[in-house]
Structures are given as structure tokens and as C-alpha cells.
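Data first, discussion second: the structure below is written as C-alpha cells.
The values are calculated or read from the model by the stated rules, or taken from the named source; none is laboratory data. Quick caveat, the model's predicted, so the values are computed rather than measured. In this analysis, Cβ positions are derived from the backbone assuming ideal geometry, glycine residues included, and neighbour counts consider all displayed protein chains. To get the accessible areas, we keep the full protein, side chains included, count just its heavy atoms, and leave off ligands, DNA and RNA. Shrake-Rupley method; radii C 1.70, N 1.55, O 1.52, S 1.80 Å.
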Amino acid sequence: MNDPGTTQLDALEFRRQRDLILAATGDGIYGVDTAGISQFANPAAARMSGHTIGEMIGVNLHDLIHHSRADGSHYHGHDCPIHAAAKDGKIHRVSDEVFWRKDGSCFPVEYVSTPIWDEGELVGAVVSFRDITERRKADRELRESEARYRAMFEDSSAAVILVCADTRRIKDTNKQTDQLLDYEDGGLAGLPADVLFVSLPGDLARFFDKVVKEGGAETEALRCRTKDGAAIPVRVSASTLQLNDGPGILVLASDIRRRTQAEEHARQLQSELHHVSRLSAMGEMATAMAHELNQPLSAVMNYVQAARRLMGESSGEKALEYMDKAISQASRAADIIRGLRSFVTKGDAQCAFGDINEIVSEALALTLPGAEAAMIGLRTEFMDELPPVLVEKVKIQQVVVNLVRNAVEAMGQTPQPGLIVRTTASEDGEIEVQFCDRGPGLTDEQVERAFQSFVTTKQQGMGLGLSICRSIIEAHQGKMWASHNPEGGAIFHFTLPSICEEDRIDA
């Protein structure tokens, strides 16, 4: 037989261990008999309810902490799942009820009521419950966050595409994507992302790799493909995000068709403006050109008449010499006309490699023919063996013409005019062209504002010439500025990037 003393000690040790476990657990635990009267309660149950353990023992806990529903209506004990476990012997789980604190406030709980059996007899139930206020709050915030995300996802003016970072397949799209690309709602889910984009081989994969590596990226090198195969220009920005089932890529594609159309329209307008500027320059050069053309044409007439007389006198060799001279003068006149026609022709200019010295020389010949160049003291200082430039020749010549015309007009009242046109190569690989005049010069304010639109020192000027010049040079990746001439007058500079021999691909 067991020693009664030892049995009593074992029972005490068991109760001590039980009490330690009940005290250590974070869940509220209490036990009731079949009448609903509490037999024990742990500290967590007391703390959550606001009662002391003593206040919770020997009372009907349903009446103490479970008497009403969340809306305040009475909760009859006959309907209580906790009491039901002590009567039907079944486990009851509930997650949408509240317990009431001593101060009259309530808190949401989930609980399990488990029947207690003693030698086959149902003697009560033990209840384990926990306060789920924070979990409910987290769930609510998660739902609200998901709702906000979905609202932003659907209401975005851009096409939004959610892509799996690992498989690069489409997980979700918003309505704007489906409308833009003419797909049915949700019709893109599961398809590979490359069905939506038109790009050079490997461009899309490299873009996504960059997004994954750096966390985000932007590009305008991709185009979206509609269901019928049409390509739409888009600006694509993408960033990484963590989804429940792994990493994802959030892609926003904005339709830029209107912007590209506006840019194309602006380019056309700029081309028109440049053309008008060249026509204006030609009009001002017409008088000088008429005089310059008159000389070779008069020479042609004289040589032909002399040749005719000599042919009548049978001086054949001398006649041939005069005819050759007539051909030379006619060729000179044709060159002048051809240069003018090339300068004012409107059309799609193409970039080509060229020698800056030749380009500037041709423009000078058009602007200052013959005697006029000598009259203003034109001098050229061209550096030899300059590397080639990749330019639209006519537009660069337009800049030269405008700058030379400005210099000539500025020196109109100068007793001893002079104009030096110089080309040099800078240390950073750029080619610089300088126009050094001996005119009245510029004030510091005029130097700063010389290239602003509608700013001019001429009484009849519109203030667009220098602005157009700068736009042309900047479109060629160059720079343009003005400075004071130490010898009196002004200097206008522009630079163009040079092309090294190893960079040329036309050889």
C-alpha cells in the first residue's frame, strides 16, 4: 500500500506544478462545474477581466464576464457554449464573442471550452481564452491596407501590372491595362510578361534584372503590345515588392503617345522656324549675291563675245582659251547658286561626318562674297587636321551665317572693322569655333542675356536669331556663349563634340 503521507505530498506537488503552469501561461484559463460555478482561475484570466482571482472563484462566471453580447444585448446562460461543454461533453470553439471587464468595458475573445471527465462522469469544463483585440486590429488594418492598395491599383491612370519576380509571369493587372491593351478583365493573368512588351532582344530581361538588383528602374525603351499586335510607346517604371508567395515586380506603364506626338509637332515647328530663319538670311544676302553673280555672268558674256570675234578671224586657239574661261566663270556662278539653294532648301536634314573648316568656309563664302569680305577685314585662322564632326551641315552653316551677319551689322559704323573666324581643338576633345569682331562690343548684361528669346540690340530685330543658334548647337550636344573681345568688340563661341577615328563606323 502507498503511504498516505507520500500520497498527500504527491498531490500537493501536482497542484503546485499545475498552479505554476496556470500562472505561466498567457491565455486566460478557468474551470467551472456543471452548474457553471467556477472552481479555479489563473492570473491571466484575472488580469484580462480586471477581477481578482478571489472574485472569480465560487461564482457563476457567465454572469460575471459573459453576460452580454457585443451589441449589449443579454446573453442567456442556456445559450452559452461554455456551459454547453459541461452538459453535452463536447468541445466548443468560438472566435466572435466578447468578455466583459470589471469596469464595464468588453474585449473580443476566442475561446475553447473542453469538458472535464472524472472516471467516466462529466463534472465540468475548462475554458481557455485569449484577448484578440490586437489581432482584430491587425486584421482590420490589413483589410484596409488591401482595400487602399486595390483602390490605387484599379484607379491608377497608368497601366499597372504585377509580375512574379521568379517566373516573370503576370499575376494581376488593373482595368487600365486591360482597356489600354484591349484584353478582357483578368485575361492577362498567368501569361509571360514579354507578351505585353515590344523590345530589342534581351532588353526586357535586362530591365527586370536591374529592377530586382536595384529595387527599381525606369525606361522609355519599351513599348506595350496590344492584343492585336499594335505597339504603344510607354514610359515604364517598376519596383520590387514582397508578396505572400514570394518576390514580385510592380510595373507601371504610362501611355506617352500624346507626348511623343507633341514632341514631333514641336520638332516640326522648330524645323519650320529654322527654315524661315534661313529664308530671312537669304533675303538679306540677296543684294550681295546679285552683285557677286553679276561678275562671273558678265565675264561669261565678254569671253563668249571675244571668242565669237576670234572665231570670225580664224584665231581658233585663242577662241578656245576664252571659251574655257567662260566655262570657268559659269561654273563659279553655278556654285554660288547651288550653295544658296542648299542653304535654304527645306527637308529632312541628315547628320553626316564633316570637316568643320570646310563647313565654316562654305558658309563664309555665302555670307561674305568677294569684295565684301575684304571690306570688313575678314580673316580666318583654321587649325589644321581637326577631327571630324557629326552634324547636320546646313544647320551648322545657318549658325555661322547668323553670327557673321550679326558681326557685320554690329561693325556698320566702325571705322576699322575686322572679323576673325577661328577654329581650335580643346583639351577635352571638343572643337571650338570663334567669331571675334571689332564692333562696339556687349555690356555684361547683354553677354548674360544674348541668347534669350526676344532679346535683341537691333532696332528692327525680333531677338530670335541667337536663340535659334543656341538651340541648334545644343541639339548637336555642344555649347554656345558670348564674351568680351580684349581688343574691342565681342566674341561669340560655339563648341561641337569631335569624333575620334576609332569611334567612326562609316569607314
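Condition first: within 26 Å of Gln416 (Cα to Cα), acidic (Asp, Glu) and in a helix (DSSP H, G or I). Now tell me which residues in segment 435-454 satisfy that.
Asp444, Glu445
Inside segment 387-425, can you point out the residues that are crowded, with 16+ Cβ neighbours inside 10 Å, of a type outside the set (Ser, Thr, Tyr) and in a loop (DSSP other than H, G, I, E, B)?
Passing the criteria: Pro387, Pro388, Glu392, Met411, Pro417, Gly418.
Here's a check for you: in segment 172-189, which residue that is open to solvent by 40 Å² or more (accessible area, probe 1.4 Å), closer than 21 Å to Tyr149 by Cβ and in a loop (DSSP other than H, G, I, E, B) is modelled with the highest pLDDT?
Step by step, filter segment 172-189, then rank; the result is Ala189.
Tell me, yes or no, whether segment 261-271 has at least one residue that is at pLDDT 80 or above and surrounded by fewer than 12 Cβ atoms within 10 Å (Cβ to Cβ).
No, segment 261-271 contains no residue that is at pLDDT 80 or above and surrounded by fewer than 12 Cβ atoms within 10 Å (Cβ to Cβ).
Test Glu121 against the stated conditions and say whether it is free of Cβ contacts under 8 Å to residues at least 12 places away in the same chain, under 30 Å from Asp255 (Cβ atoms) and surrounded by fewer than 16 Cβ atoms within 10 Å (Cβ to Cβ).
Working: free of Cβ contacts under 8 Å to residues at least 12 places away in the same chain: yes; under 30 Å from Asp255 (Cβ atoms): no; surrounded by fewer than 16 Cβ atoms within 10 Å (Cβ to Cβ): yes.
No, not satisfied.
Go through segment 197-231 and give me each residue that's in contact with a helix residue (DSSP H, G or I) (Cβ under 7 Å, 6 or more places away or on another chain), open to solvent by 30 Å² or more (accessible area, probe 1.4 Å) and of a type in the set (A, V, I, L, M).
Of everything in segment 197-231, just one residue is in contact with a helix residue (DSSP H, G or I) (Cβ under 7 Å, 6 or more places away or on another chain), open to solvent by 30 Å² or more (accessible area, probe 1.4 Å) and of a type in the set (A, V, I, L, M), namely Ala221.
So, Ala193, is that one modelled with pLDDT of 80 or more, under 15 Å from the mean Cα position of the chain (by Cα) and aliphatic (A, V, I, L, M) or not? Working first, answer last.
Details: modelled with pLDDT of 80 or more: yes; under 15 Å from the mean Cα position of the chain (by Cα): no; aliphatic (A, V, I, L, M): yes.
Spelling it out, it is not the case that Ala193 is modelled with pLDDT of 80 or more, under 15 Å from the mean Cα position of the chain (by Cα) and aliphatic (A, V, I, L, M).
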